[in-house]
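The values are calculated or read from the model by the stated rules, or taken from the named source; none is laboratory data. Keep in mind the model is a prediction, meaning the values are calculated, not measured. All Cβ positions, glycine included, derive from the backbone under ideal geometry; neighbour counts span all protein chains shown. Protein only, heavy atoms only, side chains kept; ligands, DNA and RNA dropped before computing areas. Shrake-Rupley method; radii C 1.70, N 1.55, O 1.52, S 1.80 Å.
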Amino acid sequence: MSGPAGPDPEGLPARPPALLIRGGHLCTADAEARVHPTGSVLVVDDRIAAVGPDGDVAEAVARLTPGQRAGLRTLDARSMLVMPGFVNNHWHDLFAVRLPFKGALRTPQDQADEPGFMALGGDIAKVSGGFEGFRRLTDALEPEEARAVARYALWTQLRSGTTTLGDVGSVNRPEALADAALDLGIRCSVSAWVGDIHCGPGTTSPERTRDTDTELERTRRLLDRCAADRTGRLRAWPTAPYLTNISDELGRGLAALSAEYGVPFATHVGALRHEADAVRAHFGTTPLRRLDRLGLLNDRLMAVHCAFADAEERRMLLDAGVHISHSPAKYGPNGESALTETGLIPELRRSGLDVSLSTDGGVFPVMGMAEEMRAAWQMYNEMAADHTTLPASEALAMATRIAARGLGWEHEVGSLEAGKQADLVLVPVDDWRYLLNPRPLEAYLALGGTRDVHTVLVAGRVLLENGRTPHLDEDALRDAYLRALRSFSARGLGVAEKDLSALFDDNPRLPARAGTVPA
């Protein structure tokens with residue numbers, strides 16, 4: 001970088017009046033999938049002023065005001081792949097659960113592992129109980145613990161190239177996630193993890209767990225708080241973890257909030273083979289029909305996973321214009337079959353629905369957006385026996401422009417276009433993996449990944465440079481996170497042990513006293 005930059009009132013890296021990213025291989029992810037093999041991006045303040053071949057952007061630089069030219073900084077992007085910032089529209093902060101359960105994480109050996117609660121079609125009662133246990137953990141977090149966990153969790157997203165994040169319910173306080181997003185400089189749509197019932201094993205009547213009005217008021221407070229944000233980087237939306245955890249009253253109330261505030265609504269639906277039978281046993285209908293009955297099946301719905309639906313429900317999805325978000329790199333490690341068992345998600349994409357990529361969340365680390373793009377690129381083409389079914393450029397769009405539509409953020413982020421916010425990711429493409437390859441995006445998806453992310457900009461600020469966050473003490477961030485885990489583990493699991501033991505009992509992934517949190 002060259003050029004001066006003064007202090008910033010937000011405590012973030014200073015944003016120069018103008019920034020030129022010059023000479024990179026630009027994959028714009030716009031509707032035409034334009035690629036500029038030797039291209040530049042001119043940023044003025046927080047927005048893209050020009051994007052295209054070097055010569056065209058040089059003309060835009062010449063039109064800068066004298067003050068802008070005096071403060072112009074230049075980033076040499078030769079031998080760099082330049083992409084829009086990744087939009088991870090379905091994510092959960094589950095970092096507080098990465099602590100000793102019954103005194104343990106898991107053994108170094110994997111040969112004794114048994115299928116988990118989402119494998120083999122899913123144990124829906126355990127899924128419902130798990131979400132209830134996660135909520136109790138959230139309520140048990142102290143504010144300082146929540147802040148330390150949130151900052152580290154969001155830092156991992158920034159480090160992996162995610163510039164816009166969609167929180168679909170987390171084991172953390174939503175206000176801590178909102179504060180962490182502002183502190184780190186990324187964009188985030190936060191949500192409150194709400195639920196007022198639990199559908200236990202062997203039951204047909206849901207058990208009431210919480211007051212419905214209190215849950216709705218919790219969501220409204222979060223919506224109001226984020227609506228008052230003036231940075232342009234913070235939003236909120238109503239979400240629900242699972243249909244077995246919300247009553248009809250809560251579902252209708254969330255639908256009303258989504259309509260009142262004009263924001264999307266997200267929930268996991270049609271994710272597991274056994275889900276329809278469990279929902280039918282407790283509510284007399286299937287998951288998607290229940291959403292329709294609650295007023296939630298419309299073009300504001302982001303249906304997470306959504307792999308299992310009958311023929312009529314498929315028509316309902318298309319008629320409603322629902323957005324689908326899925327996480328193909330996550331399914332195999334969890335024993336899920338959401339992409340391959342029914343083939344519904346690629347079918348819905350072919351039928352014209354928006355289908356985007358996301359990482360989901362897990363008790364243990366999951367893939368980044370680069371890995372989700374790779375999985376989609378490889379698996380869609382394999383399923384179709386046609387390598388043109390999903391080009392690498394479309395996998396990128398599913399992780400950026402299309403994903404932004406799921407959050408209602410498409411007019412601001414998701415592609416490299418003049419007028420949009422200057423959110424970018426740069427990856428070096430100058431080693432043996434890219435030699436003589438005119439398509440570095442394909443090489444990146446084949447042999448690269450999250451670790452290769454070099455530079456990240458959000459709203460024209462460089463928040464990651466040479467793989468490091470200049471405005472954060474990364475060691476202190478990690479140490480604060482581990483301290484929070486140690487203090488939380490001393491008391492936190494007692495409040496949710498019954499619910500979480502349903503997930504982990506008889507599963508050697510979590511044996512006693514193995515892999516404890518570092519002291």
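Filtering the stretch 197-212 to residues that are in contact (Cβ under 8 Å) with a residue 40 or more places away in the chain and either in a strand (DSSP E or B) or farther than 24 Å from Gly284 by Cβ (or both) leaves Ile197, His198. Quickly run through the stretch 213-266 and pick out the residues that are polar (S, T, N, Q), open to solvent by less than 10 Å² (accessible area, probe 1.4 Å) and touching a residue at least 60 places away in the same chain (Cβ under 8 Å). Residues satisfying the conditions are Thr239, Thr244, Asn245. Just to be sure before I move on: is Trp377 among the aromatic types (Phe, Trp, Tyr) and over 27 Å from Leu75 (Cβ atoms) in the structure I sent? So Trp377 fits the description; yes. Among the candidates Ala62, Ala31, the residue that is free of Cβ contacts under 8 Å to residues at least 40 places away in the same chain, over 23 Å from Gly335 (Cα atoms) and surrounded by fewer than 18 Cβ atoms within 10 Å (Cβ to Cβ) is uniquely Ala62.
Restricting attention to the stretch 451-458, does a residue exist that is touching a strand residue (DSSP E or B) at 6+ places or on another chain (Cβ under 6 Å) and among the charged types (D, E, K, R)? Yes, because at least one residue in the stretch 451-458 is touching a strand residue (DSSP E or B) at 6+ places or on another chain (Cβ under 6 Å) and among the charged types (D, E, K, R). Please list, ordered by first then second residue, the pairs with beta carbon atoms under 6 Å, 6 or more apart or interchain, first in the stretch 393-409 and within 23 Å of Leu81 (Cα to Cα) and aliphatic (A, V, I, L, M), second in a helix (DSSP H, G or I) and open to solvent by 40 Å² or more (accessible area, probe 1.4 Å). Close Cβ pairs satisfying both conditions: Ala395/Trp377. Residues in the stretch 352-362 that are within 14 Å of Gly321 (Cα to Cα) and in contact with a helix residue (DSSP H, G or I) (Cβ under 6 Å, 6 or more places away or on another chain): 3 in all.
Here Asn88 fulfils each of the conditions (1) of a type in the set (S, T, N, Q); (2) assigned to a loop (DSSP other than H, G, I, E, B); (3) surrounded by 18 or more Cβ atoms within 10 Å (Cβ to Cβ) apart from (2). When we screen Arg225, Arg187, Arg235 for residues that are in contact with a helix residue (DSSP H, G or I) (Cβ under 6 Å, 6 or more places away or on another chain) and closer than 30 Å to His471 by Cβ, the only hit is Arg235. Annotation: Trp193 fulfils all but one of (1) of a type outside the set (Gly, Ala, Ser); (2) over 17 Å from the mean Cα position of the chain (by Cα); (3) at pLDDT below 95; the unmet one is (2). Pairs meeting the criteria (first residue in the stretch 122-147 and farther than 21 Å from Asp179 by Cα, second residue part of a loop (DSSP other than H, G, I, E, B) and open to solvent by 60 Å² or more (accessible area, probe 1.4 Å), beta carbons under 6 Å, at least 6 apart or on different chains) are Gly122/His274; Ile124/His274; Ala125/Pro201.
Kindly indicate whether Leu318 is more than 23 Å from the chain's Cα centre (by Cα) and hydrophobic (A, V, I, L, M, F, W, C). It is true that Leu318 is more than 23 Å from the chain's Cα centre (by Cα) and hydrophobic (A, V, I, L, M, F, W, C). Might you let me know whether the stretch 465-475 holds any residue that is under 20 Å from Leu165 (Cβ atoms), touching a Ser or Thr at 6+ places or on another chain (Cβ under 7 Å) and open to solvent by less than 10 Å² (accessible area, probe 1.4 Å)? Taking every residue of the stretch 465-475 in turn, none turns out to be under 20 Å from Leu165 (Cβ atoms), touching a Ser or Thr at 6+ places or on another chain (Cβ under 7 Å) and open to solvent by less than 10 Å² (accessible area, probe 1.4 Å).
When Asp319 is tested against (1) of a type in the set (Asp, Glu); (2) part of a helix (DSSP H, G or I); (3) farther than 19 Å from Phe265 by Cβ; (4) open to solvent by 50 Å² or more (accessible area, probe 1.4 Å), only condition (3) is not met. Only one of the numbered conditions (1) in a helix (DSSP H, G or I); (2) without any contact (Cβ under 8 Å) to a residue 12 or more places away in the chain; (3) surrounded by fewer than 18 Cβ atoms within 10 Å (Cβ to Cβ) is not met by Tyr331, and that is (3).
Residue by residue, here is whether (1) open to solvent by 10 Å² or more (accessible area, probe 1.4 Å); (2) in a strand (DSSP E or B); (3) in contact with a Leu (Cβ under 6 Å, 6 or more places away or on another chain) holds:
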position: Leu42; (1), (2), (3): no, yes, yes
position: Gly52; (1), (2), (3): no, yes, no
position: Ala58; (1), (2), (3): yes, no, no
position: Gln68; (1), (2), (3): yes, no, no
position: Arg78; (1), (2), (3): yes, no, no
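Only residues that are in contact (Cβ under 8 Å) with a residue 40 or more places away in the chain and not in a strand (DSSP E or B) were counted in the stretch 168-191, giving 16.
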